[in-house]
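Structure first, commentary second.
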């Protein structure tokens, strides 16, 4: 038993050393990179929640149907954005824009019959200015509840005013059986 524990500690130490050497990061830089990464994760997590709140308000007609309101969506997805929905296939940026736009107020007759909420946002990977998060999107439509597990790829760039701009690049959804 003690040999297994010692072996595990040696393995973990070796992997940590390899990672430090491979990525050429010093201990003093780890906290700064960690803080920056946490900031990016928080920004992307907030973006996920806020965009889905937009969808809920758009589909229930709780916001006005105008270009200013709709730009909340169009300005947040990249030029080459695409979505893979649970049924499969690829929906490109222009198609998803038309789908969302044409479904304005589809639940307007009883807005309480439609609700979106987000759960379990998790960081998966970061490379340069792109970050991958997974999250669960839950929807209640009438008395039916459905859920999707989504992975999202974001690009983060610094604007001139030193604020970060988050752009959705890709989303892949699969149905969660409930």
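State whether the stretch 45-178 is rounded, prolate or oblate according to the following rule on the C-alpha gyration tensor (a ≥ b ≥ c being the square roots of its eigenvalues): a/c under 1.5 gives rounded; otherwise a/b larger than b/c gives prolate, and the remaining case gives oblate.
Since a/c reaches 1.5 but b/c is at least a/b, the shape of the stretch 45-178 is classed as oblate.
Give the relative contact order (percent, whole number) for the stretch 32-176; include only Cα pairs under 8 Å separated by 6+ residues. Don't skip to the end; give the middle numbers.
Numbers: 247 pairs, mean separation 34.5, N = 145.
Relative contact order, the stretch 32-176: 24 percent.
Every read-out reported here was derived from the displayed coordinates using simple, explicitly stated rules and does not represent laboratory data. Small disclaimer: the values here were computed from a predicted structure and weren't measured.
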